[in-house]
There are 2 protein chains.
Amino acid sequence: MRIGELAERAGTTTRALRYYESRGLLPARRAVNGYRTYDEDDLRLLQQIRTLRDFGFELEETRPFVDCLRAGHPAGDSCPASLDVYRRKLAELDALIGQLDAVRTQVGAQLARAELEAGAALPGGPEPRCELTHNGPTD
Amino acid sequence: MRIGELAERAGTTTRALRYYESRGLLPARRAVNGYRTYDEDDLRLLQQIRTLRDFGFELEETRPFVDCLRAGHPAGDSCPASLDVYRRKLAELDALIGQLDAVRTQVGAQLARAELEAGAALPGGPEPRCELTHNGPTD
DNA sequence: GTAGTCCTTGACGTCGGCGTCAAGGCAAGG
DNA sequence: CCTTGCCTTGACGCCGACGTCAAGGACTAC
């Protein structure tokens, strides 16, 4: 099949496929007229890439999975290098989620305090004093 | 004070300050020689910006807080517009954290399954079959 | 005078993953 | 022959928040 059909079947664009090829991730055979030619195996590789991308994996992180499939393994994650990527991603996710939870807590507290102060300013009492806490960058 | 000192006291760079000024967020007075001049109030505005940026707020999202301070309010979040930003940010954080949690769960399951299959492949039994589940993009 | 340190503006570079033209080739239908 | 629709390569655009470099002015110390 040609690039347009492959893109459509994988739910992506021809531009993305050419980009993957430029990165050496999904090379294509060529027909006599110069058109890129793909088969069902390429579709599987591409689906693996898309699935991981949809999970938030960077393109480079999908490479071990693609290499694994191309080496003849039944699944992209049948190889140790792929498992390593999974593990690193989990650690990354845990760290990120932890940071976001902390930020969420802080922002929630700020909102609650500010709403309180805004409400107290109307009835006429003197405002209570709270300190902003802050421990450096998050991202 | 001049730009270098302000940057250092706020823990940022002169480049960032010029950038904020170019965005109309932190305009500076000028000395006769053309140097930018700042006072303690500017430091407070800048600290407000940095605190929010460190929480992951976009620069534009800090504008209501800065405007609020500049309007004479005791805190950057003493104004309704700032509270709205807090609320939107909370919703954003909740959505993001929820997505990341879902991804974390999926990736964790994939890892567990792949590790199982890798382990089972050695002892010699036939491999169990599990399906990949996938429901579209995450970010 | 001159060395050193600060300041100025302007402009290009970074990062990832493509989107979006532009100019032209190839194949098929009418 | 002409149009239509797919394909090719090449190259610039985008987003956010600055980093980094270049060329030159201002001020201080010696």
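Is segment A:64-82 home to any residue that is in contact with a Lys or Arg (Cβ under 7 Å, 6 or more places away or on another chain) and without any contact (Cβ under 8 Å) to a residue 60 or more places away in the chain?
yes
For segment B:50-66, enumerate the residues that are in a helix (DSSP H, G or I) and within 11 Å of DNA strand D (Cβ to nearest atom).
Matches in segment B:50-66: B:R50, B:L52, B:R53, B:D54, B:L59, B:E60, B:E61, B:T62, B:R63.
Quick one: is A:A112 more than 7 Å from chain B (Cβ to nearest Cβ) and at pLDDT 95 or above?
Yes; evaluated as a whole, the condition is true for this residue.
For residues in segment A:1-27 being touching a Phe, Trp or Tyr at 6+ places or on another chain (Cβ under 8 Å) and open to solvent by less than 40 Å² (accessible area, probe 1.4 Å), which is farthest from DNA strand D (Cβ to nearest atom)?
Residue satisfying both the conditions and the ranking: A:L26.
Name the single residue that is nearest to DNA strand C (Cβ to nearest atom) among those in segment A:28-41 being closer than 21 Å to A:F65 by Cα and surrounded by fewer than 14 Cβ atoms within 10 Å (Cβ to Cβ).
Within segment A:28-41, the match that is nearest to DNA strand C (Cβ to nearest atom) is A:R29.
Considering each of B:A91, B:A81 in turn, give the residue that is assigned to a helix (DSSP H, G or I) and within 17 Å of the chain's Cα centre (by Cα).
The conditions single out B:A91.
What number of residues in segment A:42-59 are more than 11 Å from every other protein chain (Cβ to nearest Cβ), surrounded by 16 or more Cβ atoms within 10 Å (Cβ to Cβ) and hydrophobic (A, V, I, L, M, F, W, C)?
Final tally of qualifying residues: 3.
Quick one: how many residues across segment B:83-109 are at the interface with another protein chain (Cβ under 7 Å from one of its Cβ atoms), of a type in the set (A, V, I, L, M) and open to solvent by 50 Å² or more (accessible area, probe 1.4 Å)?
1
Looking only at segment A:28-49, count how many residues are among the polar types (S, T, N, Q) and within 10 Å of DNA strand D (Cβ to nearest atom). Don't jump to the end; show me each part of the working.
Step one: list which residues in segment A:28-49 are among the polar types (S, T, N, Q), which gives A:33, A:37, A:47-48.
Still in the running and within 10 Å of DNA strand D (Cβ to nearest atom): A:33, A:37.
Looking only at that region, the number is 2.
Would you call B:R53 more than 28 Å from A:L111 (Cβ to Cβ) and either away from DNA strand C (no atom under 12 Å from the Cβ) or without any contact (Cβ under 8 Å) to a residue 24 or more places away in the chain (or both)?
Working: more than 28 Å from A:L111 (Cβ to Cβ): no; either away from DNA strand C (no atom under 12 Å from the Cβ) or without any contact (Cβ under 8 Å) to a residue 24 or more places away in the chain (or both): yes.
So B:R53 does not fit the description; no.
State which residue is farthest from the other protein chains (Cβ to nearest Cβ) when the search covers only segment A:115-130 and only residues that are modelled with pLDDT of 85 or more and open to solvent by 70 Å² or more (accessible area, probe 1.4 Å).
So, considering only residues that are modelled with pLDDT of 85 or more and open to solvent by 70 Å² or more (accessible area, probe 1.4 Å), the one farthest from the other protein chains (Cβ to nearest Cβ) is A:L116.
Restricting attention to segment A:67-75, does a residue exist that is part of a strand (DSSP E or B) and modelled with pLDDT of 95 or more?
no
The values are calculated or read from the model by the stated rules, or taken from the named source; none is laboratory data. None of the values given here were measured: they were computed from a predicted structure. When we count neighbours, we look across all protein chains shown, and the Cβ atoms used for this are built from the backbone with ideal geometry, even at glycine. Note: accessible area is taken over every heavy atom of the protein model, side chains too, but ligands, DNA and RNA are not part of it. Shrake-Rupley method; radii C 1.70, N 1.55, O 1.52, S 1.80 Å.
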